Structure formats: structure tokens, C-alpha cells
Amino acid sequence: MIASIKGLKHAPNNFSIEILPQYLNDTGRLVCYPGSVFEGLVKLTLVEPIAFQRLKVVFKATERVNYDAMGWEKIKNDDGRLFAVRTTLLGRHMHPSSNNSSNGNIILDPGEHVFSFAIELPMVNYPPSIDHHLIGTTFTLMASIERGSDVLGHIFRSSPYPVWFRPALQTRANKILPPPMSSNASSHSASSSSSSSLSSSSLAAVAGPSSLPSPSTDLPSQSSEHIAQLSQRITAHLSLPSLEYNLFDTTKIPLQLTFHAANEHHFGDVTLQQLHISLKQTLTILHKSFTRTETTTLHHIDPRITNTLAPSSTSSMVYRCQLNINSDLLPTVNYSTRFKVDYILSVSVKTRHGPLSTKKKLFNLPIHFGTLPAGTLPHDTIQIYTEDDVVNSASLMFKPKFLKPLNDPVEFLPAYDELYRPPSYHSHLVSAPHTRSSSSPFVAI
């Protein structure tokens with residue numbers, strides 16, 4: 001319960017939204033995708049009777065830019081709203097004859113009351129949920145009790161319940177880079193022979209046909225190979241499984257860096273001191289002709305190395321490591337009109353030539369994070385939220401809709417105050433016969 005309703009007459013002792021546990025992930029979050037369906041409860045605890053006009057649930061999403069922090073002029077009449085839909089769980093036009101009423105108001109007795117709802121998201125790729133000091137995309141559920149406008153504190157609101165949205169984005173099968181990337185590096189890539197398995201059943205409905213064979217748990221027989229010149233007689237070879245990864249199936253990216261020379265004596269040309277391997281995220285904010293870029297290092301490895309790592313009988317040195325991938329990482333985003341998210345794998349080496357130490361950049365490779373198994377295309381009905389068909393449509397097909405819950409709470413006792421004797425066990429339930437069906441109208445606000 002938010003603080004603003006405390007101390008007001010008839011304020012609920014508890015007013016909250018809960019999502020049924022089968023829709024939550026391992027960390028207790030509600031994560032949704034295009035076409036997802038989830039169910040929840042509005043819980044209301046009263047210590048005294050309350051009269052009101054209606055009880056509503058609102059589901060809204062906004063994409064905001066912190067114009068003040070960047071010194072940009074705010075766009076007029078742009079609140080960043082992606083959608084806002086609502087439904088009435090109890091109140092006017094919702095079976096008023098089944099409730100006590102006074103002057104057209106609904107009266108709820110003291111005790112605990114539970115009301116259920118269900119929501120289906122449209123087949124639309126909205127921007128992913130992001131909370132950054134310069135840009136934010138939020139998806140929020142909130143319940144409200146509306147009393148007459150002549151009543152002090154005439155609206156009670158529950159605490160906002162956050163919904164985490166993830167779009168359905170393709171993970172291509174081992175992207176091939178056009179060589180060379182720079183004057184001192186060339187790159188080539190071989191296609192992977194396996195695809196990732198789908199980690200979440202929630203994405204099954206948004207995936208289209210796959211262009212690859214059935215998923216396999218075997219490691220790819222071929223990897224993405226890249227070559228750069230360390231010196232005239234030493235080359236660096238970087239090997240990794242791919243440049244494309246499914247966020248929901250990737251926890252680590254294994255890397256192998258090999259230094260090759262025609263013979264072991266060529267390693268005397270330079271003295272190797274330290275490797276620098278990092279995964280960087282670049283967030284670009286877009287506004288008219290202006291851009292603002294912030295780069296963050298997500299994970300880095302800085303091992304010290306020496307030329308003595310290789311036996312004198314070999315002409316190569318091998319270093320293996322793994323980059324950790326956080327499951328909460330944002331996917332690569334390039335379809336929003338307000339921001340972009342890109343990733344770079346950077347590899348450099350610190351060397352010594354006599355008394356001087358230098359840092360030489362070897363690789364700067366773009367890494368792409370999707371949300372579907374490698375080679376699987378998004379369902380052909382999914383549309384981007386910035387497409388004209390979505391932006392200019394007056395239809396509600398591109399907005400979330402409320403459904404009749406499949407898991408209505410049953411066998412609830414009638415509401416009562418625990419300080420007094422429970423009521424007799426009649427056949428009525430407190431499971432909200434007032435929930436909307438899939439054919440019931442709802443309002444876009």
C-alpha cells in the first residue's frame with residue numbers, strides 16, 4: 001500500500017497485486033514476451049466498510065527519455081506512452097445487484113477480498129524493459145479504487161507491480177564478418193552446425209520456422225575464427241563459438257586466443273605482459289539529430305602472461321577463458337526510435353619493447369544477443385511497435401487485452417473480520433464473478 005493513502009478514512013489496510021506463481025521466473029519476476037498470457041489477483045484488506053464506484057486494474061507501458069539530464073528540449077505532447085488499457089473488476093456495469101449498494105456505490109464489508117484477472121499481450125515487439133538514468137522503458141500494473149470526487153482521497157491506488165518485457169528477436173546462425181575490420185586485423189567466420197535449445201516455453205508461441213536442423217546439445221564442430229597481426233612475425237588467432245547468442249541459453253562465452261609464430265625464436269621480438277578481454281555494452285540515446293552514447297564494461301578479464309607460457313619446442317601460445325553472461329542482460333536493440341543497444345568484444349594485449357610498454361588492440365568484434373534459438377525466425381505475425389500499422393491503428397488488436405482467468409481462486413470464505421466469528425458457510429464465493437471475459441469490452445486510456 002502506498003504511503004499517500006495512509007491516514008485517510010476507510011483506507012484499505014492492504015491493497016496489492018499478486019501474480020500467480022506459475023507465471024514467475026526463478027527470481028520471482030514476471031517476464032513477458034509478445035503473445036504472453038498471465039494471471040493475477042487484486043487483494044484488498046479492509047478494517048471497516050468502504051463505499052466506492054469501481055475497482056479497476058490498469059496495465060500501461062511508457063518509454064521515457066531524461067531530456068533534462070542531457071540538456072535536450074523535450075518534445076511537446078510526447079508522454080512516451082506505448083499503451084494503457086484498463087478493466088473494471090467491480091463497480092458500475094459489473095452486476096451491482098449482487099452487492100450492497102448505496103446511492104449507486106458498491107459497499108464492501110471488512111475483511112479480505114480477492115479479485116482475479118488475466119491479460120494477454122499482443123504480438124508486438126515493444127522495446128525491452130530498461131531502467132537507466134538516461135532512458136527507461138517500464139511496464140506496470142496498478143489497481144485503483146475510485147470513490148466519488150467529493151470524497152477526500154477519492155482514489156486509492158495499489159503499489160505499482162513491475163512487468164519485465166523481452167521482445168522476440170532473431171539469433172542468427174554465426175554471423176560472417178566482412179574482412180578486414182581494421183588495417184591490422186582480418187576476420188572470417190565459419191557457420192555453426194548446431195542451434196540453441198529454447199530455454200523458456202513462453203517463447204514457443206513467438207518463434208517461427210527454424211532454418212536449422214533440430215536443436216542439439218553438442219558443441220559446434222566449427223567456430224567463429226578471427227586473425228590479427230601482433231607483429232610482423234607473430235599473429236593472434238581468436239576462436240569463439242559464434243558472434244550471435246541467445247540470451248536465454250547463454251551463461252558463458254568460451255574464448256581461445258592463440259599466438260602463432262613461424263618458430264619459437266620469433267617470440268623474442270616482443271615481451272607479452274598482460275591480456276585485456278572485455279565485453280562492452282553501448283547504449284545510444286536518439287533525439288532528433290542528437291545522440292548520446294554511454295559505454296559500460298560488463299565483464300572483463302586481465303590475466304598476466306609471459307612468453308615463457310609456451311615450451312621452447314613450440315611456436316604457439318594458447319590462452320583459454322570464459323566471459324560470464326548475466327541473464328538480465330538486454331538484447332541487442334536496433335528498432336527503437338529512442339535508443340539502441342549494441343555489444344562489442346574487445347581484445348588487446350600489453351607488450352614491452354625494450355624500456356617501452358604499449359597496449360595493442362587486436363580485436364573489436366560486434367556481438368549480437370537475440371532471444372530466440374539460433375536460426376529460428378520470429379513468428380510472421382509479430383510486428384514492431386514503431387511500424388505504421390501499429391502506430392496509426394485505431395484497433396485494439398495491437399494492445400494488451402483482458403481475458404477471463406483460467407485459474408479463478410475457488411472455495412474462498414466470505415470476507416469477514418478475524419476479530420469476530422466467521423460467517424456461516426453459504427454457497428457464495430469471494431472469487432470475483434465480475435472478472436471480464438475475453439469478449440468483454442475494455443478501455444484503452
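Quick look at the values:
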item: Neighbours by Cβ (under 6 Å, 6+ apart or cross-chain): first from segment 238-263, free of Cβ contacts under 8 Å to residues at least 60 places away in the same chain; second acidic (Asp, Glu); result: 239/225
item: Single unsatisfied condition, residue 16 versus (1) at pLDDT 90 or above; (2) closer than 28 Å to residue 388 by Cβ; (3) surrounded by fewer than 19 Cβ atoms within 10 Å (Cβ to Cβ); result: (2)
item: Residue satisfying all of: in segment 281-305; assigned to a loop (DSSP other than H, G, I, E, B) and closer than 15 Å to residue 349 by Cβ; modelled with the lowest pLDDT among these; result: 305
item: Any chance residue 403 is outside the structural domain of residue 274 (by TED's automatic domain parsing) and modelled with pLDDT of 90 or more; result: yes
item: Subset of segment 41-60 (residues that are in contact with an Asp or Glu (Cβ under 7 Å, 6 or more places away or on another chain) and of a type in the set (Phe, Trp, Tyr)); result: 52
item: Segment 106-133, residues that are within 17 Å of the chain's Cα centre (by Cα) and outside any strand (DSSP E or B); result: 121, 122, 123, 126, 127, 128, 129, 132, 133
item: Pairs, first farther than 20 Å from residue 400 by Cα in segment 14-41, second surrounded by fewer than 15 Cβ atoms within 10 Å (Cβ to Cβ) and polar (S, T, N, Q), C-beta under 6 Å, six or more apart; result: none
item: Residue satisfying all of: in segment 166-183; modelled with pLDDT of 85 or more and over 27 Å from residue 18 (Cα atoms); nearest to the chain's Cα centre (by Cα) among these; result: 169
item: Looking only at segment 118-136, and only at residues there that are of a type outside the set (Gly, Ala, Ser), under 18 Å from residue 161 (Cα atoms) and modelled with pLDDT under 95, the one that is surrounded by the fewest Cβ atoms within 10 Å (Cβ to Cβ); result: 131
item: Pairs where the first residue, in segment 56-80, is touching a residue at least 40 places away in the same chain (Cβ under 8 Å) and the second is of a type in the set (Val, Ile, Thr) and assigned to a loop (DSSP other than H, G, I, E, B), C-beta under 9 Å, 6+ apart; result: 58/445; 60/445; 63/337; 65/75; 67/75
item: Within segment 306-387, strands (runs of 3 or more DSSP E) holding 3 or more residues that are more than 19 Å from the chain's Cα centre (by Cα) and of a type outside the set (Lys, Arg); result: 316-324, 339-353, 356-370
item: Some residue of segment 234-248 being assigned by TED's automatic domain parsing to the domain that holds residue 280, of a type in the set (Gly, Ala, Ser) and not in a loop (DSSP other than H, G, I, E, B); result: yes
item: Hey, residue 163 outside the structural domain of residue 287 (by TED's automatic domain parsing), at pLDDT 90 or above and among the hydrophobic types (A, V, I, L, M, F, W, C) or not; result: yes
item: Matching residues, segment 111-125, being farther than 21 Å from residue 57 by Cα and not polar (S, T, N, Q); result: 123, 124
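Every residue, every condition in (1) over 27 Å from residue 147 (Cβ atoms); (2) modelled with pLDDT of 90 or more; (3) hydrophobic (A, V, I, L, M, F, W, C), yes or no:
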site	(1), (2), (3)
4	no, no, no
7	no, no, no
21	yes, yes, no
25	yes, yes, no
32	yes, yes, yes
36	yes, yes, no
40	no, yes, no
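Rundown of residues vs (1) β-branched (Val, Ile, Thr); (2) closer than 15 Å to residue 275 by Cβ; (3) touching a His at 6+ places or on another chain (Cβ under 7 Å), yes/no style:
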| site | (1), (2), (3) |
| --- | --- |
| 324 | no, no, yes |
| 337 | yes, no, no |
| 355 | no, no, no |
| 366 | no, no, no |
| 371 | yes, no, no |
| 377 | no, no, no |
| 392 | no, no, no |
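The values are calculated or read from the model by the stated rules, or taken from the named source; none is laboratory data. Please read these numbers as outputs of a predicted model, since none were measured by experiment. Because the Cβ atoms are built from the backbone with ideal geometry, glycine has one as well, and the counts that use them run over all protein chains shown.
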